[in-house]
Amino acid sequence: MKDIQNWLVDWFKKKKPITELDITRNYFEAGLIDSLDVIDLIESIESHFKIKFNEMHFQDRNFSTIEGLSHMISDVLPKTHEIENTNMAKGWAACYQIYKDRGHDLCYPSETLIRLLKGTYLTGQHLSLKGQSVLDVGFGNGNNFPLYYDMGLKVSGVEIHQQILQQARETFQSFGSLDLRIGTNQELPYDDNHFDFLVSWNVLHYEAQENGIIKSLKEYARVLKPTGRLLLSTTGPDHLILNGAKKIGQHQNEITVKSDFRCGQVHFNFGNKDYIEYYFQSDFKGLKIGRVHDALFDATSILDWWIITGIKK
Ligand SMILES: C[S@@+](CC[C@H](N)C(=O)[O-])C[C@H]1O[C@@H](n2cnc3c(N)ncnc32)[C@H](O)[C@@H]1O
C-alpha cells in the first residue's frame, strides 16, 4: 500500500511540488493537476500497475485524493495477483517445473489448433495471420507459442503464477517479442478491443461455477477486437481427468484421480452442445462447435475435448 502511495506521490511531484497534507486533499481543488493531467495519470497508473479502471472507479470519490487513489489501486490489484497464492497456481507452477526438469514438458502445439490456424476449417479459406495479435489465456508452458511465431502472429499470454511466466520467458527468449502477464479468465490485464484472436486451450473448465464461466466469456469478448475470434478447447464428458469424478452439480464434477494434483478440484463440464450454445451465444456469434475424441489405447486413457470458435458479438 505504501509502495503504491509513494509511486503516486512521485508521479504528482513531477507536475508540482507537494506536501504531506496534499495526500489527503482533493488534488483538483488543490490545483495539483488539471483535467488533461488526469488522462495522463490514468494512463500512467494503468500501464505501471497493469490494471484497468472502469467507469465506477472514476465516479468514486476516492478517485480525487492520492490516499483514496492508492486504496483503489490496491483494491484492483490483489484480485489479479492473489491468484498466485492459490493451490491451483502453485500446483501448476510446480507441475511445469517438474516436467521441464524431467524433459517431459509439452514442446509441441496442439494438433487441433494447428489444423484450425493452418487449415480452412474456420472460414473455408486459409487464414492470413501475419501481423495479427493473439492472446493465449492459460498458456501453460507455452507449447502453442512456436505455432503463433511460425504464422507471424504477435504473441501475448496470461498465466496465474510468476514462475510460469518466467519459465516461458526463458524457453522463448530467442523467439521474438513476447508479452506475458499475470491474469485470469475473469480478469485479463489488457484494454478493450485489443486482440484479433484469443486462444483458451483447456483452461475454461477450471472455472468451477456457472458465474465464473459467464464472467470469463464476457472478459474474453471484451479484449477481442470487434471482428476478433475466440478459439477454445475444453474437456468433454469422456475425458480421462473425469474418470471416477464425483458429480456434485448439473455442470460440476469433483476430480478424484488420487495421483493428480487436481484431485479435489471442481471442474465445469458443459455436458452437451446445447449448453455450449446457451453459454457462448451472449458474447459470440457464428459459433462452431466440434469435438475431438481420442482413444490411445485403453478405456481409461480417453482424451475428449469440445472445440469451440466464434466471433465477438
Ligand atoms: C491444462 S493446462 C493447459 C495449458 C495450455 N493452454 C495447453 O493447452 O497446454 C491449464 C492451464 O490453465 C491455467 N489456469 C488455471 N486456472 C486459470 C484461470 N482461472 N485463469 C487462467 N488460467 C488458468 C493453469 O495454470 C494451467 O496452465
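The values are calculated or read from the model by the stated rules, or taken from the named source; none is laboratory data. Please read all numbers here as calculations on a predicted model, not as lab measurements. Every residue, glycine among them, receives a Cβ derived from its backbone with ideal geometry; neighbour counts consider all protein chains shown. With ligands, DNA and RNA removed, areas are computed over all heavy atoms of the protein, side chains included. Shrake-Rupley method; radii C 1.70, N 1.55, O 1.52, S 1.80 Å.
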Q: Scan the range 273-294 residue by residue and report those that are farther than 15 Å from TYR121 by Cβ, open to solvent by 60 Å² or more (accessible area, probe 1.4 Å), in contact with a Leu (Cβ under 9 Å, 6 or more places away or on another chain) and not hydroxyl-bearing (Ser, Thr, Tyr).
A: GLU277, GLN281, HIS293
Q. Within the range 100-109, can you find the residues that are touching a residue at least 24 places away in the same chain (Cβ under 8 Å) and either more than 9 Å from the ligand (Cβ to nearest atom) or more than 21 Å from the chain's Cα centre (by Cα) (or both)?
A. LYS100, ASP105, CYS107, TYR108
(Q) So, ILE83, is that one within 20 Å of the chain's Cα centre (by Cα), modelled with pLDDT under 90 and assigned to a helix (DSSP H, G or I) or not? (A) yes
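Yes or no, residue by residue, for (1) within 16 Å of the ligand (Cβ to nearest atom); (2) within 21 Å of LEU198 (Cα to Cα); (3) within 19 Å of the chain's Cα centre (by Cα); (4) not charged (D, E, K, R):
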| position | (1), (2), (3), (4) |
| --- | --- |
| GLY91 | yes, no, yes, yes |
| ILE98 | yes, no, no, yes |
| GLU111 | yes, yes, no, no |
| LEU135 | yes, yes, yes, yes |
| GLY140 | yes, yes, yes, yes |
| GLN163 | yes, no, yes, yes |
| GLN167 | yes, no, yes, yes |
| GLY176 | no, yes, no, yes |
**Q.** Selection from the range 189-200 of residues that are open to solvent by 30 Å² or more (accessible area, probe 1.4 Å) and either within 14 Å of the ligand (Cβ to nearest atom) or at pLDDT 95 or above (or both)
**A.** ASN193, HIS194
Q.
Can you tell me which of (1) within 26 Å of ARG115 (Cβ to Cβ); (2) touching a Ser or Thr at 6+ places or on another chain (Cβ under 6 Å); (3) within 16 Å of the ligand (Cβ to nearest atom) is the one VAL203 doesn't meet?
A. (2)
**Q.** Residue within the range 6-15 that is open to solvent by 80 Å² or more (accessible area, probe 1.4 Å), at pLDDT 90 or above, over 27 Å from ARG181 (Cα atoms) and assigned to a helix (DSSP H, G or I) present
**A.** yes
(Q) Criterion first (in contact with a helix residue (DSSP H, G or I) (Cβ under 6 Å, 6 or more places away or on another chain), buried (at least 18 other Cβ atoms within 10 Å of the Cβ) and not β-branched (Val, Ile, Thr)) does GLY142 satisfy it? (A) yes
